[in-house]
Amino acid sequence: MFKLVKLVFAVVSFFIAAQAYASTHSLVQGWNLEGNNNGSAIDPVAVFGNATTPTGISPSVTTVWVWDKTLGQWDFFAPSMTSAALTTYAASKGYGVLTNIQDGEGFWVNVNAASGVSVNLSVPPALSIFAGNISSAGSVDNTGANALFHFTNPVTSAGPVPNEGGFGIGNDGAGNIYVADTGNNTIRKISSAGVVTTIAGTPGVIGSADNNNGLLATFNKPYGVASDSSGNLYVADSYNHTIRKISPTGVVTTLAGSPGVIGQTDAIGSAARFQYPTSLTIDSTATNLYVADSSNTDIRQVRISDGNVTTIAGTPTIHGSRDGTGSVGSGAAQFNYPFAIAADGLGNLYVTDTYNHTIRKIVISSGAVTTIAGTVGVAGSSDGIGSAAKFNYPMSIATDNTGNIYVADSGNSTIRKIVASTGQVSTLAGVAGTPGFTAGGLPGLLTNPGGVGVKGSTLYIITGNAVVELTNLP
């Protein structure tokens, strides 16, 4: 069942004991068993990124640590424990009858240093609800599934509705994520424990008011949200045609654009004009924002210090698919409703060119635009390299720090992964053409995912009225 690397006979007793642990599910096929023959101590925190993991496992003794996802902790076992001893231990934990390791769990075994082998059986990726309720809309601050959101679904049977989309998920580097709760006209914070709080906006109230108290400020269908390292949030307030800022203390101000005024003007602050901005991202130095100005079909840069707005790519108001440079002249690039944008921290931007069914790359320093995946005007779900891959109204995009790009391929009800260096596209979660929601191991099911965001080894996905987490990204 497993690929074994440098596994010695001493591990066999572990499997006998491990299979007496947990619930009624079988071991998950596809987990990878890896060896480490240097006899060094193991720190699962570095691998699993969980603070409840033991700080280290001594290489001098034979030990087994099993991750209990239900209790959210690591449990200790020794391979020499008898089935009766394990049963007694499990009864004290409330497990009842033990048969196999539970799906979605993982374990470490550290064989005696004399054998020179340490073994890691890693936790497989899995989908689960992080906060909200897939089928129920509302505005309730609470924890996990007891919280309610109202995410406007931009996808219809005929494709996305223009100016509806680009859901944003941001994170602050301190364990929190932020979402633009479009239907409630609010910005919500979700802690690492799934606790949801409203930090700005008045639920159900449309407006454009700035305020020193975030909860008294108003928005009009906010879509994109991004954060900087100082704790500031930036919002694409789509139907106000503005870019808003929320300070760490909750002060809401308008950084660029004029509420309710549509246009395409490069200028400073309120003199600048946007037309349904749907997504935004921030550069690695927190100097500039980059905005997918969807109905202007271009990409804008907003200097954070003074709100100075310039157009860096795309021919304003001209729908097309041309690769090129900048926004002016016959060689300028063209987009067709670019709904979402993400920065990779290396000087590049990635854009979901939604109505072209493609993913575009922009080199910030030059404004050069290229198509890295998908075929212009051709909807589909094929995996492959570059233009051999097909998308179906890709809505949102995120990047990790290892060169991967994640796309909410909304029309296919899937999450796609792109390796930036090669253009290789694969389907990570969901089944093309089969909407729904199924938790657990991949592929699972999703319905028209509208937003994605990465934090560590977890991908957060907006589907229905919930934020779903895909843990242990492969």
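Before moving on, here are some points about what is shown:
- Residue in region 294-314 that is touching a residue at least 12 places away in the same chain (Cβ under 8 Å), over 25 Å from Phe219 (Cβ atoms), among the polar types (S, T, N, Q) and in contact with a helix residue (DSSP H, G or I) (Cβ under 9 Å, 6 or more places away or on another chain) present: no
- Check on Ile246, buried (at least 19 other Cβ atoms within 10 Å of the Cβ), more than 28 Å from Arg360 (Cβ to Cβ) and touching a Gly at 6+ places or on another chain (Cβ under 7 Å): yes
- Of the residues Ser305, Ser327, Ser279, the single one that is part of a loop (DSSP other than H, G, I, E, B), open to solvent by less than 30 Å² (accessible area, probe 1.4 Å) and of a type in the set (Ser, Thr, Tyr) is Ser327.
- Total residues in region 193-214, condition surrounded by fewer than 15 Cβ atoms within 10 Å (Cβ to Cβ) and farther than 20 Å from Pro277 by Cα: 5
- If the condition is being aliphatic (A, V, I, L, M) and surrounded by fewer than 24 Cβ atoms within 10 Å (Cβ to Cβ), then region 406-420 contributes Val419, Ala420.
- The set of residues in region 255-270 that are open to solvent by less than 50 Å² (accessible area, probe 1.4 Å) and part of a helix (DSSP H, G or I) contains only Gly269.
- Residues of region 432-456 satisfying the condition of being buried (at least 18 other Cβ atoms within 10 Å of the Cβ) and either under 21 Å from Ser227 (Cα atoms) or within 13 Å of the chain's Cα centre (by Cα) (or both): Pro449, Gly450, Gly451, Val452, Gly453, Val454, Lys455
- Among the strands (runs of 3 or more DSSP E) confined to region 334-388, the ones with at least 3 residues that are open to solvent by less than 10 Å² (accessible area, probe 1.4 Å) and under 21 Å from Gly453 (Cα atoms) are located at 338-343, 348-353, 358-363.
- The listed residue being in contact (Cβ under 8 Å) with a residue 40 or more places away in the chain and touching a helix residue (DSSP H, G or I) at 6+ places or on another chain (Cβ under 6 Å), out of Gly194, Gly173, Gly224: Gly194
- Checking each residue in region 143-172 for being at pLDDT below 75 and either over 17 Å from Pro449 (Cα atoms) or hydrophobic (A, V, I, L, M, F, W, C) (or both) picks out Val155, Ala158, Val161, Phe167.
- Whichever residue in region 282-293 is touching a strand residue (DSSP E or B) at 6+ places or on another chain (Cβ under 8 Å) and either closer than 19 Å to Pro222 by Cα or among the hydrophobic types (A, V, I, L, M, F, W, C) (or both) and, among such residues, is most open to solvent (accessible area, probe 1.4 Å): Ile282
The values are calculated or read from the model by the stated rules, or taken from the named source; none is laboratory data. The model shown is predicted, which means the values in this text are computed figures rather than measured ones. Here Cβ is always computed from backbone atoms with ideal geometry, including for glycine, and neighbour counts include all displayed protein chains. In case anyone asks, the SASA skips ligands and DNA or RNA and just uses the protein heavy atoms, side chains included. Shrake-Rupley method; radii C 1.70, N 1.55, O 1.52, S 1.80 Å.
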